[in-house]
Amino acid sequence: MTEEVTGEKGHSVADDAPNRPPAGPDAGATRLGLCSVTFRRLPAAEVARYAADAGLEVVEWGADVHAPPADPGTVRAVREVSDRYGLTCCSYGSYFRATPGELAEFPAVARASVLLGAPRVRVWAGSTGSRDTSPDERRTTVAGLREACRIAADHGLELAPEFHSKTLTDTVASTSRLLDEVGADNFGSYWQPPLDAPDEEALAGLAELGDRVLAVHAFSWWPGNSRLPLAAREDLWTAAFRQLNGRGIEALLEFVPGDDPSVLGREAATLRRAAAQRPVHQR
């Protein structure tokens, strides 16, 4: 549920994170991590430290604050921070929307992803919902995403749009159609439970998208955008991980209650438990 924006050599990991729980076999085939926008007000080094302390393996660095594509020096520094804390950058959270005039900016986005060591760029599918987008506007967005996929492929990268309202990926049907329209081998989708969707509906959408899902954003919002502990919808996430079992993708925590970094360890423990397919009532 990455929010839209308009628009952040040292000592050893052991020194900073002595009590970090190992990811271990409980994480299964899915790597667990954090979207840096969860703590966009914190410096990158603090975000990385919290993620490492929570035993997370990967991070999606956001382009809005922590790793702006127009500032390669900052992007390199973020890569060094990741390395220092034993984290892998699994994706680059860009705000490229494939709207007219944006394509000239995408090569810098691709270069930043390479600097971070990220194999995938998170993008957005336009700036209007599927019902509010005219056929011509949709064709323009599809063409922009197709060209971005070509540029990304030249850099050895995947592309995946956020599964989000007010874009062309606001429904499963429109997302599936978009994936077909772009038709690129390096183009997949993110997934997250749609706001106010019951568990069964959300999981049916995940099943329909199937292996076209490259990563998921994990949160527990209900109703609307009221932020709850992840445990409030742990059964949803346990079922989602059963569907994703063996896929080897990433599940990334986003927007914890109160934007409070002190709860990240608790949220990561819930995510780890769900990934191990042991809901609370079965422990």
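A quick yes/no check of all residues on (1) among the hydroxyl-bearing types (Ser, Thr, Tyr); (2) at positive phi:
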position	(1), (2)
Gly55	no, yes
Ala77	no, no
Tyr85	yes, no
Cys89	no, no
Thr128	yes, no
Thr141	yes, no
Cys149	no, no
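Out of region 139-165, which residues are part of a loop (DSSP other than H, G, I, E, B) and in contact with a helix residue (DSSP H, G or I) (Cβ under 8 Å, 6 or more places away or on another chain)?
Of all residues in region 139-165, those part of a loop (DSSP other than H, G, I, E, B) come to 155-157, 162-165.
Result: His155, Gly156, Leu157, Phe163.
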Margin query: Out of the residues in region 70-95 meeting the condition of being among the aromatic types (Phe, Trp, Tyr) and within 23 Å of Leu168 (Cβ to Cβ), tell me which one is surrounded by the fewest Cβ atoms within 10 Å (Cβ to Cβ).
Written below: Tyr95
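Do we have any residue at all in region 106-118 that's among the hydrophobic types (A, V, I, L, M, F, W, C), out of contact with any helix residue (DSSP H, G or I) (no Cβ under 6 Å at 6 or more places or on another chain) and not in a helix (DSSP H, G or I)?
Going residue by residue through region 106-118, those that are among the hydrophobic types (A, V, I, L, M, F, W, C) are 106, 108-110, 112, 114-116, 118.
Filter once more, so that each one left must be out of contact with any helix residue (DSSP H, G or I) (no Cβ under 6 Å at 6 or more places or on another chain): 108-109, 114, 118.
Restricting the remaining residues to those that are not in a helix (DSSP H, G or I) gives 118.
Checked against the condition, which is being among the hydrophobic types (A, V, I, L, M, F, W, C), out of contact with any helix residue (DSSP H, G or I) (no Cβ under 6 Å at 6 or more places or on another chain) and not in a helix (DSSP H, G or I), region 106-118 yields at least one hit.
For (1) touching a helix residue (DSSP H, G or I) at 6+ places or on another chain (Cβ under 6 Å); (2) under 26 Å from Ala118 (Cβ atoms); (3) surrounded by fewer than 21 Cβ atoms within 10 Å (Cβ to Cβ); (4) modelled with pLDDT under 95, each residue gets a yes or a no:
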residue	(1), (2), (3), (4)
Val216	no, yes, no, no
Phe219	no, yes, no, no
Ala231	yes, no, yes, no
Glu234	yes, no, yes, no
Glu250	no, yes, no, no
Arg266	no, no, yes, no
Arg278	no, no, yes, yes
Gln282	no, no, yes, yes
Next item on the list: Give the residue, chosen from Val37, Val81, that is in a helix (DSSP H, G or I) and either more than 22 Å from Tyr190 (Cα to Cα) or touching a Phe, Trp or Tyr at 6+ places or on another chain (Cβ under 6 Å) (or both).
Entry: Val81
Notebook entry, point to check: Any idea which residue in region 175-194 is surrounded by the fewest Cβ atoms within 10 Å (Cβ to Cβ), counting only those that are of a type outside the set (S, T, N, Q) and in contact with a Ser or Thr (Cβ under 7 Å, 6 or more places away or on another chain)?
Noted result: Leu179
Check: Of the conditions (1) open to solvent by 10 Å² or more (accessible area, probe 1.4 Å); (2) not in a helix (DSSP H, G or I), Ala67 fails just one. Which one is it?
Finding: (1)
Note to self: Just to be sure before I move on: is Leu244 within 22 Å of Gly93 (Cβ to Cβ), open to solvent by less than 10 Å² (accessible area, probe 1.4 Å) and modelled with pLDDT under 95 in the structure I sent?
What the structure shows: yes
Next item on the list: Report whether or not Ala98 is open to solvent by 60 Å² or more (accessible area, probe 1.4 Å), in a loop (DSSP other than H, G, I, E, B) and of a type in the set (A, V, I, L, M, F, W, C).
Entry: no
Margin query: So Thr171 ticks every box in (1) open to solvent by 30 Å² or more (accessible area, probe 1.4 Å); (2) within 21 Å of the chain's Cα centre (by Cα); (3) under 15 Å from Phe96 (Cα atoms); (4) not hydrophobic (A, V, I, L, M, F, W, C) but one. Which box is left unticked?
Written below: (3)
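State all residues of region 98-139 that are of a type in the set (Ser, Thr, Tyr) and within 16 Å of the chain's Cα centre (by Cα); if no residue qualifies, say none.
Applying the first criterion (of a type in the set (Ser, Thr, Tyr)) to region 98-139 yields 99, 113, 127-128, 130, 133-134.
Residue satisfying the conditions is Ser113 alone.
The values are calculated or read from the model by the stated rules, or taken from the named source; none is laboratory data. Keep in mind the model is a prediction, meaning the values are calculated, not measured. When we count neighbours, we look across all protein chains shown, and the Cβ atoms used for this are built from the backbone with ideal geometry, even at glycine. These accessible areas exclude ligands, DNA and RNA; they are computed on the full protein's heavy atoms, side chains included. Shrake-Rupley method; radii C 1.70, N 1.55, O 1.52, S 1.80 Å.
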